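**Student:** The structure follows.
The values are calculated or read from the model by the stated rules, or taken from the named source; none is laboratory data. The model shown is predicted, which means the values in this text are computed figures rather than measured ones. Cβ sites come from the backbone with ideal geometry, for glycine too, and all protein chains shown count toward neighbours.
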Amino acid sequence: MHPFKKINKNKIMRHLSFKTQFANKQNYKPEWFIIDAENQTVGRMCTRIASVLRGKHKPTYTPHSDAGDFVIVINADKIKFTGNKLDQKVYINFSGYPGGKKEELAKNLLVRHPEMIIERAVKGMLPKNRLGRAMFKKLFVYAGANHPHQAQKPAEFTF
């Protein structure tokens, strides 16, 4: 065939021969994963958790729907910070009122509410809309090794 020969337009396919399958409530079944946070670095672990909550670890990832899985994190009180973050990292809360700014060091927050460190890190990595809020509700963080989700038969998630 000559390279400059005209192509017959009737022979060109006018439709797609396949359709992209998006994850939705009808064809999506969430799984349950359990992650042991003992001796894990905060940021590296939380990025993997956010990825699982969004569903990016699956081939059916759909950015506009909640196709992620449930995540249970245990031993949040045994999490590790790298460098001097334990003594230097400051968590800030602001109520919106004058004088309503509260600051707390990471080592104090780790003693008082170890779950909050993981929750705040993961929440900052999710979308800032109603979809991100729905994804965040599928995260369960516990300071100790016990959790009340044995009935869901969570699978061990390894990094």
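**Student:** So Val122 passes all but one of these: (1) outside any strand (DSSP E or B); (2) surrounded by fewer than 16 Cβ atoms within 10 Å (Cβ to Cβ). Which condition number does it fail?
**Tutor:** Here Val122 meets the rest and fails (2).
**Student:** Next question. Quick one: count up the residues across the range 68-108 that are outside any helix (DSSP H, G or I) and either touching a residue at least 24 places away in the same chain (Cβ under 8 Å) or surrounded by 14 or more Cβ atoms within 10 Å (Cβ to Cβ) (or both).
**Tutor:** 16
**Student:** Those residues that are more than 12 Å from Ile79 (Cβ to Cβ), touching a strand residue (DSSP E or B) at 6+ places or on another chain (Cβ under 9 Å) and exposed (fewer than 15 other Cβ atoms within 10 Å of the Cβ), I need them from the range 27-51; list them, please.
**Tutor:** Pro30
**Student:** Under the condition of being part of a helix (DSSP H, G or I) and among the β-branched types (Val, Ile, Thr), which residue from the range 42-67 is nearest to Met116 (Cα to Cα)?
**Tutor:** Val42
**Student:** Would the range 131-151 turn up any residue that is assigned to a loop (DSSP other than H, G, I, E, B), under 22 Å from Tyr61 (Cα atoms) and either out of contact with any Gly (no Cβ under 8 Å at 6 or more places or on another chain) or not hydrophobic (A, V, I, L, M, F, W, C) (or both)?
**Tutor:** There is at least one residue in the range 131-151 that is assigned to a loop (DSSP other than H, G, I, E, B), under 22 Å from Tyr61 (Cα atoms) and either out of contact with any Gly (no Cβ under 8 Å at 6 or more places or on another chain) or not hydrophobic (A, V, I, L, M, F, W, C) (or both).
**Student:** With the condition kept exactly as written, say whether any residue in the range 72-88 is at pLDDT below 95 and within 12 Å of the chain's Cα centre (by Cα).
**Tutor:** Checked against the condition, which is being at pLDDT below 95 and within 12 Å of the chain's Cα centre (by Cα), the range 72-88 yields no hits at all.
**Student:** Within the range 54-67, which residues are among the β-branched types (Val, Ile, Thr) and surrounded by 15 or more Cβ atoms within 10 Å (Cβ to Cβ)?
**Tutor:** Thr62
**Student:** Here is a further query. Taking the range 48-86 as the region of interest, how many residues are among the aliphatic types (A, V, I, L, M) and out of contact with any Lys or Arg (no Cβ under 8 Å at 6 or more places or on another chain)?
**Tutor:** Final tally of qualifying residues: 8.
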